[in-house]
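A quick write-up on the structure given underneath.
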Ligand code: DX5
Ligand code: ZN
């Protein structure tokens, strides 16, 4: 399914109100829910782990898309399967064995994603495309919401060519907004993560801006 999907990142939501935020943004038209897990080691910021993701599961009725910015990954795969992740994405830079990691994610019953930092070439995933369901192209250096977009159009187009007729999503993460969404879709992306561009101006009490923001991306 290559239709364009908007995946709000709860990194930009009210951390004391995740359940209600997820329900509000889904009611306003979110296609997937993007959940950013950071370990203070792979990236210079820290969010939450499996128990939080598991608690969120009963509030998410769409696709729960979990982006791991952690290293190492493998020891936590079963915990995210148990938490109910639909898509589990690991960074190719997070360890020497991305091939094993992707096999383990699928083996645990989830869709497998692989993410690339801005400095990492498309070729880093050339030999694992048969093992994944999603490639996430970072358009910021991971760790924080609200950063400005780094143009990766050539990498996106190259990945789309490499993927060929495989059923693999290309997800874009970082700095996606009304101005930047068009170029990444043009280049071949189909899942757009957006944090600040979705949650700005709204709240659980007044969620209508979430819907306007989603439609404007
Ligand atoms: C960055 C995260 C992103 C981030 C996107 O490390 O992976 O998902 O929340 O936020 P915006 O859309 O504000 O750049
Ligand atoms: Zn993310």
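General observations
- Flag for residue 63 being within 16 Å of ligand 1 (Cβ to nearest atom), crowded, with 22+ Cβ neighbours inside 10 Å and touching a residue at least 12 places away in the same chain (Cβ under 8 Å): no
- Within region 66-80, restricting attention to residues that are surrounded by fewer than 23 Cβ atoms within 10 Å (Cβ to Cβ) and within 16 Å of ligand 1 (Cβ to nearest atom), the residue that is nearest to residue 196 (Cα to Cα) is 70.
- Any hit, region 157-168, residues being surrounded by 23 or more Cβ atoms within 10 Å (Cβ to Cβ), within 16 Å of ligand 2 (Cβ to nearest atom) and modelled with pLDDT of 95 or more: no
- Test result for residue 145, touching a helix residue (DSSP H, G or I) at 6+ places or on another chain (Cβ under 6 Å) and either within 11 Å of ligand 1 (Cβ to nearest atom) or touching a residue at least 60 places away in the same chain (Cβ under 8 Å) (or both): yes
- Qualifying residue in region 123-134 (condition: within 16 Å of ligand 1 (Cβ to nearest atom) and crowded, with 19+ Cβ neighbours inside 10 Å): yes
- Single residue of 113, 119, 107 found to be crowded, with 22+ Cβ neighbours inside 10 Å and out of contact with any helix residue (DSSP H, G or I) (no Cβ under 6 Å at 6 or more places or on another chain): 113
- Per this entry, residue 153 is not counted among residues that are farther than 18 Å from residue 67 by Cα and out of contact with any helix residue (DSSP H, G or I) (no Cβ under 8 Å at 6 or more places or on another chain).
- Looking only at region 1-50, residues that are more than 16 Å from ligand 1 (Cβ to nearest atom) and under 25 Å from residue 72 (Cα atoms) come to 1 in all.
- If the condition is being in contact (Cβ under 8 Å) with a residue 60 or more places away in the chain and not in a loop (DSSP other than H, G, I, E, B), then region 11-35 contributes 11, 12, 20, 21, 24, 25, 27, 32, 34.
- Which numbered condition residue 206 misses (of (1) part of a loop (DSSP other than H, G, I, E, B); (2) near ligand 1 (Cβ under 10 Å from one of its atoms); (3) free of Cβ contacts under 8 Å to residues at least 40 places away in the same chain): (2)
- Considering 182, 175, 195, the condition of being over 24 Å from residue 24 (Cα atoms) and either surrounded by fewer than 23 Cβ atoms within 10 Å (Cβ to Cβ) or within 16 Å of ligand 2 (Cβ to nearest atom) (or both) is satisfied by 182 alone.
- Taking region 34-45 as the range and being more than 11 Å from ligand 2 (Cβ to nearest atom) and surrounded by 18 or more Cβ atoms within 10 Å (Cβ to Cβ) as the test, the residues that pass are 39, 42.
- When region 186-197 is filtered for residues that are in contact with a helix residue (DSSP H, G or I) (Cβ under 7 Å, 6 or more places away or on another chain) and assigned to a strand (DSSP E or B), only 192 remains.
The values are calculated or read from the model by the stated rules, or taken from the named source; none is laboratory data. All values reported here derive from a predicted model rather than from experimental measurement. Note that each Cβ is placed from the backbone with ideal geometry, even for glycine, and that neighbours are counted across all protein chains shown.
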